[in-house]
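Asks: Let me begin by handing over the structure; questions about it come next.
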Amino acid sequence: MNLKNDELTKSINTVGDVFVKDARIKARNVNVFYAEKKAIDEVTIDIGNKEVISFIGPSGCGKSTFLRCFNRMNDTIDICRVEGSITLDEENIYDKNVDVVPLRARIGMVFQKPNPFPKSIFDNVAYGPRIHGLADNKSHLENIVEMSLKRAGLWNEVNDRLISPGTGLSGGQQQRLCIARAIAVSPEVILMDEPCSALDPIATAKIEELIHELGNDYSIVIVTHSMQQAARVSKRTAYFHLGKLIEVGKTKDIFTRPQHNQTEAYISGKIG
Amino acid sequence: MSKKFLNPADATAIVKKSIKKRRAKDSRLKLYGRFAVGLASCFLIFLFYTIFEKGTPGFFQYYVTLDVNFDKERIDPKGDLSDNSLFSGDASKIVNEALFILIEPKGRKEKKEAKKIISSGKDVRIAKMVKQNPNLFGTVTKVKFALDDDIDSFLRGYIKRETPENERRVNDNVIKFIDKLNAEGRISYNFSDYILSGSASGNPEMAGIKGAFVGSILTLFVCLLIAFPLGVATAIYLEEIAKKNKITEFIEVNINNLAAVPSVVFGIMGLAIFIGIFGMPRSIPLVGGMVLALMTLPTIIISSRAAIRAVPPSVRDAALGIGASKLQTIFHHVIPLAMPGMLTGTIIGMAQALGETAPLLMIGMVAFIVDVPNSVVDPGTVLPVQIFMWADFAERMFVQKTSAAIIVLLTFLISMNAFAIYLRKKLERRW
């Protein structure tokens, strides 16, 4: 553990390497409270550049709560309070001067349940670029939409019906539409909150393949219930238990040689 | 005490035994439901039947056709067709002469009685006709005149010949005249041209609902203009922006209570504030609309909040997650999705406001106003108040007019609701 590069860190109870060399996001001693209840307890972790990291752990361990700290989606919950510091490229995102709007444009999010807007497929993808003023003109906007849909692997399936409603697609297609919508605003980090839990295995396979590809260009944090999925898509894995970050390490190591006994218990199916 | 599990065969037998009871309960409930719906439909049919049965004759009235000699010298003495000139003319006398030719009254008393057969609006009718078509001057033209309300009631059979003359509002002489006119085929039963285009009048045969109808539209317009934006804005603020704390809770409870406050209280408040403090004139649709807006606000706020709450949170997450600001999320996603529900609430509120009488009595919209209001600051009345006033008048003919006005009010209401349903269907989107 190379503690010296960070003064903020008081103590780390986590097993494994929480720090990486080319970190984009640095979370330091993050605590999250729902009213009086502590949901996240002193979590410190780095998210590297163009790295796919998965958060695993039993239900209610706080992995989704922690994920939502990165783009401040927890702000929408009145009783939720975040302590500690999270920096994106050395800028504290919980600073008073930080506006959440540009922050969320830089850190995109894909939710558990596919949630396309009740609008056309085109408008779904174009919404982000439109509100942020990313496109100079109509053809530029069309270009962005096409590129995003192509990146999300949806273009071939929908290019002949861009004006039909996004809600009319199948579950897997809807989720890929949501990914296209997220990448349309050219984010740097994409957060995914159990993106496949509402999908069938074939749709899941497609999304996983997509995550794999996107990992070449974006930092991706994925929360998942499926250990196989974590093993398939991510290079690093973090194991959470009861609001604590128990162990972080290379995915391969976590699944084959877990160092903490709780991690081992979870991996082998004894808890969770 | 250790109870063992039943064996499956026993359990099946018990379930079978209870099944009959459960089925009976089901069918009993169905029966009650059908009975209730049937009863309600019966009442509804009875209500509509009586209203239409009583009200339809209110749209018609009896007319007499006379050959009027359009003498320019006498009708329009100054010859410039101005109101002044026509008013000082002799139109009434000309009409009476045309009548006397037909029924030949003898002596002053009979002539005086004969004059009363035709409604007092006859000179106005002549004036209107020559204004529209000055070519009528110098001709003898057949013109229809409304009969006096007593004669109308007599022809409808409400005043009977058998009644002794001194207890009857129509005396023997007049009956003789009417029989004469009838024999010559001069009396006709036609669609009334006063009921829809006339205003309040002391003469029942000339009374109409145009003034009240226009007053209702103006009042509702003011009400909608104030209540809809204010109600929706309040709902959005309370639901999306305000922090959930003691103060907002207090406001919420009070809004819910306001919805249950008797409407007459809003009238008293309007009287005290708008008329008492701000010194606005009485009887104007502007004040009426403001009072009704206060009354409908809680309805609109409550239904709009329900509509906003029904918007799935996932849509909000999606918009926020992509970097939309709170305002963009509300205006681009929440409001469009909640709009059908908001409109439904608004229309329900408007329908309530349309039928409201009590608060408007408080602010003086019950005044007798003959002119049709041209703007929201002209004195006027509204349909339900007009119905309320007519129902109070003694003349027999007002009974039919009241029912006719009720039909108009109901038609107004139903078309408003139909419009609301159409609007909702059009705006409704699935997600």
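The values are calculated or read from the model by the stated rules, or taken from the named source; none is laboratory data. Treat the numbers as computed from the prediction; the structure is a model and nothing was measured. Neighbour counts run over all protein chains shown; Cβ positions are idealised from the backbone, glycine included.
Asks: Quick one: which of A:Ala205, A:Ala231, A:Ala182 is more than 19 Å from A:Arg106 (Cβ to Cβ) and out of contact with any helix residue (DSSP H, G or I) (no Cβ under 6 Å at 6 or more places or on another chain)?
Replies: Sole residue among the options that is more than 19 Å from A:Arg106 (Cβ to Cβ) and out of contact with any helix residue (DSSP H, G or I) (no Cβ under 6 Å at 6 or more places or on another chain): A:Ala205.
Asks: Any residue at all in the stretch B:407-430 that's surrounded by 20 or more Cβ atoms within 10 Å (Cβ to Cβ), among the polar types (S, T, N, Q) and in contact (Cβ under 8 Å) with a residue 40 or more places away in the chain?
Replies: Checked the stretch B:407-430: no residue is surrounded by 20 or more Cβ atoms within 10 Å (Cβ to Cβ), among the polar types (S, T, N, Q) and in contact (Cβ under 8 Å) with a residue 40 or more places away in the chain.
Asks: Also, quick follow-up: Limited to the stretch A:111-124, what total is found for residues that are more than 8 Å from chain B (Cβ to nearest Cβ) and either touching an Asp or Glu at 6+ places or on another chain (Cβ under 9 Å) or surrounded by fewer than 24 Cβ atoms within 10 Å (Cβ to Cβ) (or both)?
Replies: Total satisfying the criteria: 5.
Asks: Against the definition (surrounded by 20 or more Cβ atoms within 10 Å (Cβ to Cβ), small (Gly, Ala, Ser), under 18 Å from the mean Cα position of the chain (by Cα) and in the same structural domain as B:Tyr237 (by TED's automatic domain parsing)), how does B:Gly345 come out, yes or no?
Replies: So B:Gly345 does not fit the description; no.
Asks: Yes or no: the stretch B:374-391 includes at least one residue that is free of Cβ contacts under 8 Å to residues at least 12 places away in the same chain and outside any helix (DSSP H, G or I).
Replies: yes
Asks: Quick check on this structure: which one of B:Lys4, B:Lys54 is among the basic types (Lys, Arg) and touching a residue at least 24 places away in the same chain (Cβ under 8 Å)?
Replies: Checking each option against the conditions leaves just B:Lys54.
Listed here are the residues, each with its yes/no results for (1) in contact with a Pro (Cβ under 9 Å, 6 or more places away or on another chain); (2) among the basic types (Lys, Arg).
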position: B:Ile284; (1), (2): yes, no
position: B:Ala310; (1), (2): no, no
position: B:Pro313; (1), (2): no, no
position: B:Lys326; (1), (2): no, yes
position: B:Ile330; (1), (2): no, no
position: B:Thr344; (1), (2): no, no
position: B:Gly364; (1), (2): yes, no
position: B:Phe368; (1), (2): no, no
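Asks: Can you name every residue in the stretch A:131-187 that is of a type in the set (S, T, N, Q) and closer than 14 Å to A:Ile121 by Cβ?
Replies: Hits for the stretch A:131-187 are A:Ser148, A:Asn156, A:Asn159, A:Ser164, A:Thr167, A:Ser170, A:Gln173, A:Gln174, A:Gln175.
Asks: Which residues, counting only those in the stretch B:12-47, are at pLDDT below 90 and closer than 22 Å to B:Ile414 by Cα?
Replies: none
Asks: State which residue pairs qualify: first residue acidic (Asp, Glu) and inside the stretch B:57-86, second residue outside any helix (DSSP H, G or I) and surrounded by fewer than 17 Cβ atoms within 10 Å (Cβ to Cβ) in any location, beta carbons under 6 Å apart, and separation of 6 or more residues or different chains.
Replies: Filtered contacts from the stretch B:57-86: B:Asp67/B:Val140; B:Asp67/B:Lys142.
Asks: While we're looking at this one, here's another question. Here is a list: B:Val370, B:Val399. Which entry is more than 30 Å from B:Ala338 (Cα to Cα) and not in a helix (DSSP H, G or I)?
Replies: None of the others qualify; the one that does is B:Val370.
Quick grid of which residues meet (1) at pLDDT 90 or above; (2) among the charged types (D, E, K, R):
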site: A:Phe55; (1), (2): yes, no
site: A:Gly60; (1), (2): no, no
site: A:Ser64; (1), (2): yes, no
site: A:Leu67; (1), (2): yes, no
site: A:Phe70; (1), (2): yes, no
site: A:Asn74; (1), (2): no, no
site: A:Ile77; (1), (2): no, no
site: A:Asn92; (1), (2): yes, no
site: A:Asp95; (1), (2): no, yes
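Asks: Something else: Give me the pairs: first residue in the stretch A:227-250 and free of Cβ contacts under 8 Å to residues at least 24 places away in the same chain, second residue in a strand (DSSP E or B) and basic (Lys, Arg), beta-carbon distance under 8 Å, and six or more apart or on different chains, which are they?
Replies: A:Lys250/A:Arg236
Asks: Can you tell me which condition B:Ala338 does not meet? The list is (1) more than 14 Å from every other protein chain (Cβ to nearest Cβ); (2) under 12 Å from B:Val232 (Cα atoms); (3) not acidic (Asp, Glu), and all the others hold.
Replies: (1)
Asks: While we're here: Can you tell me which residues in the stretch A:128-185 are crowded, with 23+ Cβ neighbours inside 10 Å, away from chain B (no Cβ under 11 Å), among the small types (Gly, Ala, Ser) and in a loop (DSSP other than H, G, I, E, B)?
Replies: Across the stretch A:128-185, the qualifying residue is only A:Ala152.
Asks: Just for the stretch B:57-82: of the residues that are among the polar types (S, T, N, Q) and in contact with a helix residue (DSSP H, G or I) (Cβ under 8 Å, 6 or more places away or on another chain), which one is modelled with the highest pLDDT?
Replies: Here the residue is B:Gln61.
The rows are residues; the columns are (1) within 22 Å of B:Arg316 (Cα to Cα); (2) acidic (Asp, Glu).
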| position | (1), (2) |
| --- | --- |
| A:Gly128 | yes, no |
| A:Asn137 | no, no |
| A:Glu142 | no, yes |
| A:Val145 | yes, no |
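Asks: In the stretch B:72-94, which residues are part of a loop (DSSP other than H, G, I, E, B), of a type in the set (Asp, Glu) and surrounded by fewer than 17 Cβ atoms within 10 Å (Cβ to Cβ)?
Replies: Listed by number, the list holds a single entry, B:Asp80.
Asks: Has the stretch B:188-195 got any residue that is under 21 Å from B:Ala394 (Cβ atoms), in contact with a Phe, Trp or Tyr (Cβ under 8 Å, 6 or more places away or on another chain) and among the hydroxyl-bearing types (Ser, Thr, Tyr)?
Replies: Checked the stretch B:188-195: at least one residue is under 21 Å from B:Ala394 (Cβ atoms), in contact with a Phe, Trp or Tyr (Cβ under 8 Å, 6 or more places away or on another chain) and among the hydroxyl-bearing types (Ser, Thr, Tyr).
Asks: Run B:Pro336 past the list (1) at pLDDT 90 or above; (2) surrounded by fewer than 22 Cβ atoms within 10 Å (Cβ to Cβ); (3) in contact with a helix residue (DSSP H, G or I) (Cβ under 6 Å, 6 or more places away or on another chain) and report the number of the one that doesn't hold.
Replies: So the condition that B:Pro336 fails would be (3).
Asks: Further question: Please enumerate the residues belonging to the stretch A:241-272 that are among the small types (Gly, Ala, Ser), assigned to a loop (DSSP other than H, G, I, E, B) and under 24 Å from the mean Cα position of the chain (by Cα).
Replies: A:Gly243, A:Gly272
Asks: Enumerate the pairs (first residue in the stretch A:110-121 and touching a residue at least 12 places away in the same chain (Cβ under 8 Å); second residue anywhere and surrounded by 20 or more Cβ atoms within 10 Å (Cβ to Cβ) and among the aromatic types (Phe, Trp, Tyr)) with beta-carbon separation below 9 Å, excluding pairs fewer than 6 apart on the same chain, so at least 6 apart or on different chains.
Replies: The qualifying pairs are A:Phe117/A:Tyr127; A:Lys119/A:Tyr127.
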